[in-house]
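Q: One structure, as structure tokens, below. Some questions next.
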Amino acid sequence: MGMATALMDGEVGALVKVSAAVWAAMSYARLAAARLRPGAPRLLALLPVVALLCAIPFAFSTSTFRGTSGFFLAWLGSFKVLLLAAGIGPLDPSLRLFHFVCSASLPVKLRQQSKEKSQAPVRGPARILLSGAIIPGVIYAYQFKSSMSRYQLLALYTLHIYFSLDLLLATVHTVIHDLLGMEMEPQVDHPYLASSLRDFWGRRWNLMVPSILRPSVFRPVRARLGTAAGVLAAFLVSGLMHELMFYYIMWSTPSGEVTAFFLLHGVCAAAEGWWASHAGWWRPPRAAAVPLTLAFVAGTGFWLFFPAMVKGGLDEMVLQECQGMVVLMEQAARRLAGATDLVSSTM
């Protein structure tokens, strides 16, 4: 219990220092972008910010904080800063400082709240409650993984990734909406209804990643080498960044399996695009396309993506950290109960 408390105290202290460092770095980035035109001079001025963002995950001790900061800052944040160097992307020095820092350091794309009601509102609190109720059950099930079949493990890993990401993004949405009075574009859009790989990766799953890869990788490569090359380049970069995320989380040397997973999907997505460009060619009905797409994603994920997690011991890390979190919550509950009894006795 004492070790878990000390570890969490250390993470909170690191979070405070990291927040201050990010605020200072983004304030500098905004000032530099306002003073320098897009191009090489602005890029040189912003490279130290990119280096800092890539180093920040090393400030944390737990895989949860390292993975979250890696995704928020080392991947999305650094790509946004690089796009800012080119004068494109979601960041603009004309934004208010608070909005600039939040847009740069959180996995959101902010836009002014529309006066009209959204046709598909994001139910943040409901999603938080749902995912928060499911994740403990998924974590508890890890204790029985030795007796599970391969397909049961695949389902468990899939549920863990989906609901963890949904919980994280729904929480961010709720905080951003309440603090800034702005809306966050949806991050997932019913990925289980995807009818093709292009539909799954480009329009339904973790939408902040394709929205940052399109201007930074896909469009520049497509302009020079064509659409297929742009698709392959985007999937290659995505694979390499996922390898980096796994390194941050597990401290293990990348195996290349995750990159191979995304390259395979990139080749297949490029082939889909080539086939779709021929009008009149046969296409599977949606009733068949959806299960085929999900089966391909799940099958190749179990072949190449999830083994990298298991070999690095990610499931064990998450289980231990969640058990430590449960201990802290129990300790906090006892302290709260004791404080309540103390107040009641003095009244």
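Q: Can you spot a residue in the range 91-105 that is among the aromatic types (Phe, Trp, Tyr), exposed (fewer than 14 other Cβ atoms within 10 Å of the Cβ) and at pLDDT below 95?
A: Looking only at the range 91-105, we keep the residues that are among the aromatic types (Phe, Trp, Tyr), and these are 98, 100.
Those still in the list that are exposed (fewer than 14 other Cβ atoms within 10 Å of the Cβ) too: 98.
Still in the list and also at pLDDT below 95: 98.
So far as the range 91-105 goes, yes, one or more of its residues are among the aromatic types (Phe, Trp, Tyr), exposed (fewer than 14 other Cβ atoms within 10 Å of the Cβ) and at pLDDT below 95.
Q: Considering THR300, THR293, which residue is of a type in the set (Ser, Thr, Tyr), assigned to a helix (DSSP H, G or I) and touching a His at 6+ places or on another chain (Cβ under 8 Å)?
A: Working: THR293 fails: touching a His at 6+ places or on another chain (Cβ under 8 Å).
Result: THR300 is the single residue among THR300, THR293 that is of a type in the set (Ser, Thr, Tyr), assigned to a helix (DSSP H, G or I) and touching a His at 6+ places or on another chain (Cβ under 8 Å).
Q: Let me ask something additional. If you scan the range 223-265, which residues turn out to be among the aromatic types (Phe, Trp, Tyr) and open to solvent by 20 Å² or more (accessible area, probe 1.4 Å)? Show your work before the answer.
A: Of the residues in the range 223-265, the ones among the aromatic types (Phe, Trp, Tyr) are 235, 246-248, 251, 261-262.
If the condition is that a residue be among the aromatic types (Phe, Trp, Tyr) and open to solvent by 20 Å² or more (accessible area, probe 1.4 Å), then PHE235, PHE246, TYR247, TRP251 are the ones that fit.
Q: Here's another thing I want to ask about it. Failed condition for ALA279, given (1) assigned to a loop (DSSP other than H, G, I, E, B); (2) within 29 Å of ALA51 (Cα to Cα); (3) among the aliphatic types (A, V, I, L, M), with all others met?
A: Status for ALA279: all satisfied but (2).
Q: Out of all the residues in the range 37-53, which are among the hydrophobic types (A, V, I, L, M, F, W, C) and either open to solvent by less than 60 Å² (accessible area, probe 1.4 Å) or under 23 Å from the mean Cα position of the chain (by Cα) (or both)? Walk me through how you get there before you give the answer.
A: Pass one, the range 37-53, residues among the hydrophobic types (A, V, I, L, M, F, W, C): 40, 43-47, 49-53.
Hits for the range 37-53 are ALA45, LEU46, LEU47, VAL49, VAL50, ALA51, LEU52, LEU53.
Q: So, in the range 186-215, of the ones that are open to solvent by 40 Å² or more (accessible area, probe 1.4 Å) and in contact with a Leu (Cβ under 8 Å, 6 or more places away or on another chain), which residue ends up modelled with the highest pLDDT?
A: TYR192
Q: Can you list residue pairs whose Cβ atoms sit under 7 Å apart, with the first residue in the range 17-37 being assigned to a helix (DSSP H, G or I) and the second being open to solvent by less than 70 Å² (accessible area, probe 1.4 Å) and of a type in the set (Phe, Trp, Tyr)? Count only pairs 6 or more apart in sequence or on different chains.
A: These pairs meet every condition: MET26/PHE100; ARG30/PHE100.
Q: Among the numbered criteria (1) of a type in the set (Val, Ile, Thr); (2) farther than 27 Å from PHE163 by Cβ; (3) part of a helix (DSSP H, G or I), which one does ILE212 miss?
A: Condition not satisfied by ILE212: (2).
The values are calculated or read from the model by the stated rules, or taken from the named source; none is laboratory data. Keep in mind the model is a prediction, meaning the values are calculated, not measured. Here the Cβ is made from the backbone with ideal geometry for all residues, glycine too, and neighbour counts use every protein chain on show. For the accessible areas, the whole protein counts, side chains as well, though only heavy atoms, and no ligand, DNA or RNA atoms are used. Shrake-Rupley method; radii C 1.70, N 1.55, O 1.52, S 1.80 Å.
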